[in-house]
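Below is one structure; the comments refer to it alone.
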Amino acid sequence: MILLDFPLYLMETLKCRGSLCGFVVVFMFLTTVSKGSACHAPSTPQCFETKADEFYICEWSMNTTESDVMFDLYFKKNRFRNIKTTWSKIHRDKLNLFTPVDLWVEAHVGNSSCTSTKKSVILSNTVKYEAPQKMSVSWLKSGLKLQWKAVEQNSALAEVRFRRHDEHRTELWENRTTNTTVESSMYHVIVPNLSKHSAYQVQIRHRSTKAHNPLWSNWSPVVMVPAELERSPEVSVTTRLVNGTRRVMLTWKPMPHTASVGKVNYTLKDTQSSRGCPCEERTHHFKWNKYTTYISYSAANISVIARNAAGYSPPAIIQVPAVPAADLKSCDKTLLNEKLNKQTCLELYDLQDGDSRSENVITLTGRKKKKEREQIRESIKDYVRYLYFEHTCDGDRKPRTVKRCLFYKKEGVPLREPQDFTPSSETDHSVDLSWKAIPSVDQRGFLTHYSLCRVKISSQEEHKDCQNISASLINHRLENLTPGTKYNISLAGVTRVGEGPRATITINTQPKKPVNVLWSLLFLFGFFFISTVCTFILKRIKNKIFPPVPTPVIPDFTPCQPESQQMLERKEEVHELTLHQLHPERKSLPEDAEETPVFRGKWDDGTDEDAEDERGDSRMPGGSSDECLSTDQALRSSREGEMTDMDQVDNEIAMLIYRNGLVFDVKTDST
């Protein structure tokens, strides 16, 4: 009814009469109503102090799709025109902060306008924080810790919402509200009962706990929270010597997927960095799971740490020992008292029982100030063994070791004697001695040798016999001792300064043992037995290889007396000859052979008595010269008869001829 009476009221106000006037009034009314229906009233504005500057911010909202909407903001009687956004920033000097004021906003859309509801507020009591920015997260044993910059020193109320991060599905947000704590101008909140092995998406907003009319801040940007890095990287190391430097290549496995959400960076620290060449510790940051660095020959510690948005992993510490060197010599010259350039570095490792410990290293570089260098030189101790390294840097910025040796600032005598000095394997003339080397911390200098002395206790003069033993030995065989004698034996280490304390032991050599007669006889018997057997075997072998020569058989001949002088003057050549029949059972002799009495007995074993008589008669001294044949003639006649008979014999005849001790074996085969 009010809307229907409005045109009549308008006509009376305008004093319009007639139908034409009424039509115009109704048209204007309908147009205004139609335009006004497109304007939706905005929300009541909220004005608050930002705490960051001297301005107040007023915010409101409006449900519209129009782009040319204009707003007028009213503070009681104050009006701020032509605002194109749903917020406005007003300096506090233009506002009444401590008395109640009415707030509203008027929207203008085209020719229509609409107004929000009015609200009476005291501006100084209304506070709204800015949305949290640059929030950091970290995992604790009790849960997830969130921290961001504090707006004021008072604690705030925070609302946290979170959900698991899953690439395959979207989970619902879960909200928790808690009070913050303030530490070092930072708000801290701990969200308990979250899994450290999962990744989360987190947002947070906060508001004041001291203001009379606090407002919630806007939500912070979504923060990705990766899982905790529980394990250190599994690092593999490959070292290679290159011209006085070492190339160290480090590789490790990627971190777990849930811990790699967002990104994972790595931090590497080494005591000898190529960028800090030499002898300066540097830190390198990178994104890859491999890295190559160069270090010198001295010991180095390298640590690799993985880092994500939620924290750090435990460090993987790689201890790279010094390059071993056999037979290190004492330093003949050092640069400790000379001026160093900026590319030179000296390192002295305090040796404890032969091991270099990096925490006991003294480093001297040319980059240090003069006073600091003097303090470092004074910190070098007397009587302490150091492992001296001299490093330099070339143009390629790689640390190189140019010298290493053993160094004493000042030497002395050893403080202790050789340890565990003990004898063993005593005999009547020798003993084995062993000991442990003097610890390097007690040597107080370079051992040149050991002094080993022995003294006979039973001797009246007690003469000391000493000898030097190499400092590298820990055992020795002492010989030329007297059997059944008691000795005092002592051992001491000797440096260039002098001799240290002695370790002393007492030994008794064994008495000399008597010779065992039975064993001696058995030994002699065995020796003669083996000699006899060997002699017999050698003779058998000799007879097989070189058969013995038979002794020639020489018959007894009675020489005939010659009747004339001519026969005496004749030089008769006598051949000692013996004929043997090899096959007597198959041999037949002619009758003419029986007439030769000298050889018949040799050819036929079955001789008769007449033959024996004839031989006997022929040897008689009274025989005539006609009947006596000379040996040469008998031999020739025998040979002629032999050859005549052999032509007629079918059997095989062998004839052995002995002449002047020589043997001739003649064999003929019958045809």
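Computed quantities for the displayed model
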read-out: Qualifying residue in the range 369-389 (condition: open to solvent by 50 Å² or more (accessible area, probe 1.4 Å) and either touching a Pro at 6+ places or on another chain (Cβ under 7 Å) or of a type in the set (A, V, I, L, M) (or both)); value: no
read-out: So HIS108, is it farther than 25 Å from GLY311 by Cα and free of Cβ contacts under 8 Å to residues at least 12 places away in the same chain; value: no
read-out: Among residues of the range 431-476, those that are over 30 Å from PRO511 (Cβ atoms) and part of a strand (DSSP E or B), counted; value: 6
read-out: Enumerated strands (runs of 3 or more DSSP E) restricted to the range 164-259, each holding at least 3 residues that are open to solvent by less than 50 Å² (accessible area, probe 1.4 Å) and in contact (Cβ under 8 Å) with a residue 60 or more places away in the chain; value: 200-208, 245-252
read-out: Per-region count, the range 278-309, residues surrounded by 22 or more Cβ atoms within 10 Å (Cβ to Cβ), among the hydrophobic types (A, V, I, L, M, F, W, C) and under 30 Å from TYR200 (Cα atoms); value: 2
read-out: Residue in the range 375-387 that is closer than 30 Å to MET135 by Cβ and under 29 Å from the mean Cα position of the chain (by Cα) present; value: no
read-out: Lone unmet requirement of (1) in a loop (DSSP other than H, G, I, E, B); (2) of a type in the set (A, V, I, L, M, F, W, C); (3) surrounded by 15 or more Cβ atoms within 10 Å (Cβ to Cβ) for TRP104; value: (1)
read-out: The range 390-413: number of residues that are surrounded by fewer than 18 Cβ atoms within 10 Å (Cβ to Cβ) and in contact with a Gly (Cβ under 8 Å, 6 or more places away or on another chain); value: 3
read-out: Number of the condition not met by ASN475 [criteria: (1) more than 40 Å from the chain's Cα centre (by Cα); (2) modelled with pLDDT of 90 or more]; value: (1)
read-out: Cβ-Cβ under 6 Å pairs, at least 6 apart or on other chains, the range 262-291 side at pLDDT below 80, far side open to solvent by 70 Å² or more (accessible area, probe 1.4 Å) and not in a loop (DSSP other than H, G, I, E, B); value: SER273/ARG282; ARG275/ARG282; GLY276/ARG282
read-out: Close pairs from the range 139-161: first within 12 Å of SER217 (Cβ to Cβ), partner charged (D, E, K, R) and open to solvent by 50 Å² or more (accessible area, probe 1.4 Å), Cβ under 7 Å, at least 6 apart; value: TRP148/LYS134; VAL151/LYS51; ALA156/ARG207; LEU157/ARG207; GLU159/ARG205
read-out: Any hit, the range 414-428, residues being surrounded by 12 or more Cβ atoms within 10 Å (Cβ to Cβ) and in contact with a Cys (Cβ under 6 Å, 6 or more places away or on another chain); value: no
read-out: Tally, over the range 121-163, of residues that are at positive phi and outside any loop (DSSP other than H, G, I, E, B); value: 1
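The values are calculated or read from the model by the stated rules, or taken from the named source; none is laboratory data. As the structure is a prediction and not an experimental result, all values here were calculated from the model. So basically every Cβ, Gly included, is an ideal-geometry build from the backbone, and we count neighbours across all protein chains shown. Keep in mind that these areas ignore ligands, DNA and RNA; they rest on the heavy atoms of the full protein, side chains included. Shrake-Rupley method; radii C 1.70, N 1.55, O 1.52, S 1.80 Å.
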